[in-house]
Amino acid sequence: MKLFNFTSLPSRVIFGDGSLVQVKQEIELLGAKRALVLCTPEQRVLAQQVLDLLGNSAAGIFDRAVMHVPIETAQEARKVASELGADCAVAVGGGSTTGLGKAIALVSTLPILAIPTTYAGSEMTPIYGITESGVKKTGRDSRVLPKTVIYDPSLTVGLPIPLSVTSGINAIAHAAEGLYAHDGNPIMNLLAAEGIAAMGRALPDIRNNPADLNARSDALYGAWLCGTVLGHVGMSLHHKLCHALGGSFNLPHAETHTIVLPHALAYNAKHAPESMQVIARALNAADAPLAIYNLAKSNGAPTALRDIGMHEKDLDHACHLAMQNQYPNPRPLEQVALRQLLQNAFEGEQPHF
Ligand code: NAD
C-alpha cells in the first residue's frame, strides 16, 4: 500500500426519512438560538416549513440564493444575518444555497446547518465559491464546512427527474476523480466505490418512480459519500474542465458534469486503470467511461455540450482555459488530445481515446 496522510473533516450527520423534524434540537446542540434560514426563491415553501419547526429559535428567511453565489447576494445575506442578530444559518436546498451559507460563514463565526435537497455534495466540503465581476473564485476554508447536515430523503422526492439524474452523476464525478486523486487514500477509495454503487443503483429507480423513498435514500446516501470524497482529496481534469465551462460559458452545473465525465475518464483511463476497475465494478459494467455515458443516456440526461448551450466556436478557448493553472491529473494535459475530448463531449459521442 502506498504511503498516505489522512485528516478527517469533522461533521455531524443526521440521516433518515423524516429527520427534518430534528432541526431545532440540532441548532440548540450548536449553541444557537436565532437561525436564519436560507433558500432559493423556488424553495420558499420548504424554508417556511423549516422556520415553523424552528419556532422561537428562528430569526427569519433569506430567500434569494442563486447559482454561483454572486458577491452582491452574499453581501446582502450577510447584512440581513447581522440585522436580524442571527447566530446560525440553516441552508435548505442545493449547492447554490449551501454555497450562500458558506459565503456568510467565511466572514463571520456563524455555524452552518445544511439540509441538502440535491446530490451536489457541497455540504460535505470546506470549499467555497463566490462570483465577482463574472469571475468565480473558489477556495478552501475550514470555517465554511457545515457543522451539521440533515439528510432527509423525503425532501428530495420533488427534485425533478432530469436534475435528479444529472445531480446524481455530478456526485459520481467527485468519487470517480477521488479514486485517482494525487492525495487520495484507501479510506476515501472505499467511500468512493460505495457512493458510486449506491448512486448507480438509485438513478434508474428514481427515473421509474421519483417517489420511491428507498431509491431516494440510496441516492442521498451516495451523495453524502461522494461529497465526503470531494471534501477530503483534490480533484483533477474533469473538475477543471467543468469549472472552466461553467464559469466562462455559463453552462448549467450538473448537466456539464454529466456530459464531460465519460470523456474525462476516457482521457485518463490508461493512466488510472485500477480506478477505472473500481468505477466499472461499482456500476456492474466492464468499462468505466462507457458505463457513466450509458447511465446518463439511458436515464434521459443530455450527453452533448451542444445541447446545453455550448457553441462550437468556443471550444478552442475552453481548451486554452483548461490548459491554464492545471490541476494534478493522472495523464499529463496534452492540448491536441484535450481539444479532441472537448469535441467528443460537444458532439455527444461515446467516450473513446
Ligand atoms: P442548485 O442548488 O442551483 O439548485 C438548482 C435548482 O433546483 C434551484 O432552483 C433549486 O431551488 C432547485 N431545487 C433544489 N432541490 C430541489 C428539490 N428537492 N425539489 C425541487 N427543486 C429543487 O443546484 P446544485 O446542482 O445542487 O448546485 C450547483 C451549485 O453548487 C454550483 O454553483 C456549484 O458550483 C456548487 N457546488 C459546490 C460544491 C462545493 O463543494 N463547494 C460542490 C458541488 C456543487
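The values are calculated or read from the model by the stated rules, or taken from the named source; none is laboratory data. All of these numbers come straight from a predicted model, not from anything done at the bench. Reconstructed Cβ throughout: ideal geometry from the backbone, glycine too, with neighbour counts over all protein chains shown. Note: areas computed on protein heavy atoms with side chains; ligands, DNA, RNA excluded. Shrake-Rupley method; radii C 1.70, N 1.55, O 1.52, S 1.80 Å.
Checking Gly222 against (1) of a type outside the set (A, V, I, L, M); (2) away from the ligand (no atom under 16 Å from the Cβ); (3) part of a helix (DSSP H, G or I); (4) under 27 Å from Pro273 (Cβ atoms), which single condition isn't satisfied?
Checking Gly222 against (1) of a type outside the set (A, V, I, L, M); (2) away from the ligand (no atom under 16 Å from the Cβ); (3) part of a helix (DSSP H, G or I); (4) under 27 Å from Pro273 (Cβ atoms), the one that fails is (2).
Looking at (1) over 30 Å from Ala215 (Cβ atoms); (2) among the basic types (Lys, Arg); (3) in contact (Cβ under 8 Å) with a residue 24 or more places away in the chain, which one does Lys24 not meet, given that it meets all the others?
For Lys24, the failing item is (1).
Restricting the search to segment 106-135, which residues are outside any strand (DSSP E or B) and within 12 Å of the ligand (Cβ to nearest atom)?
Hits for segment 106-135 are Leu106, Thr117, Thr118, Tyr119, Ala120, Gly121, Ser122, Glu123, Met124, Thr125, Pro126.
Counting just the residues of segment 57-101 that are in contact with a Gly (Cβ under 8 Å, 6 or more places away or on another chain) and within 14 Å of the ligand (Cβ to nearest atom), which one comes out nearest to Leu163 (Cα to Cα)?
Selected residue: Gly95.
Anything in segment 23-45 that is open to solvent by 40 Å² or more (accessible area, probe 1.4 Å), in contact with an Asp or Glu (Cβ under 9 Å, 6 or more places away or on another chain) and polar (S, T, N, Q)? List them, or say none.
Residue satisfying the conditions is Gln43 alone.
Looking for something in contact (Cβ under 8 Å) with a residue 24 or more places away in the chain, within 16 Å of the chain's Cα centre (by Cα), open to solvent by less than 20 Å² (accessible area, probe 1.4 Å) and under 19 Å from Ala345 (Cα atoms) - is there at least one such residue anywhere in segment 214-236?
Yes, the conditions are met somewhere in segment 214-236.
Go through segment 334-353 residue by residue and tally those that are open to solvent by 30 Å² or more (accessible area, probe 1.4 Å), in contact (Cβ under 8 Å) with a residue 40 or more places away in the chain and either within 15 Å of Gly246 (Cβ to Cβ) or among the hydrophobic types (A, V, I, L, M, F, W, C) (or both).
1
I'm told Leu213 meets every condition in (1) touching a helix residue (DSSP H, G or I) at 6+ places or on another chain (Cβ under 7 Å); (2) within 11 Å of the ligand (Cβ to nearest atom); (3) not acidic (Asp, Glu) except one. Can you identify the failing condition by its number?
Among (1) touching a helix residue (DSSP H, G or I) at 6+ places or on another chain (Cβ under 7 Å); (2) within 11 Å of the ligand (Cβ to nearest atom); (3) not acidic (Asp, Glu), Leu213 violates only (2).
Among the residues in segment 144-161, are any in the same structural domain as Pro116 (by TED's automatic domain parsing), open to solvent by 10 Å² or more (accessible area, probe 1.4 Å) and charged (D, E, K, R)?
There is at least one residue in segment 144-161 that is in the same structural domain as Pro116 (by TED's automatic domain parsing), open to solvent by 10 Å² or more (accessible area, probe 1.4 Å) and charged (D, E, K, R).
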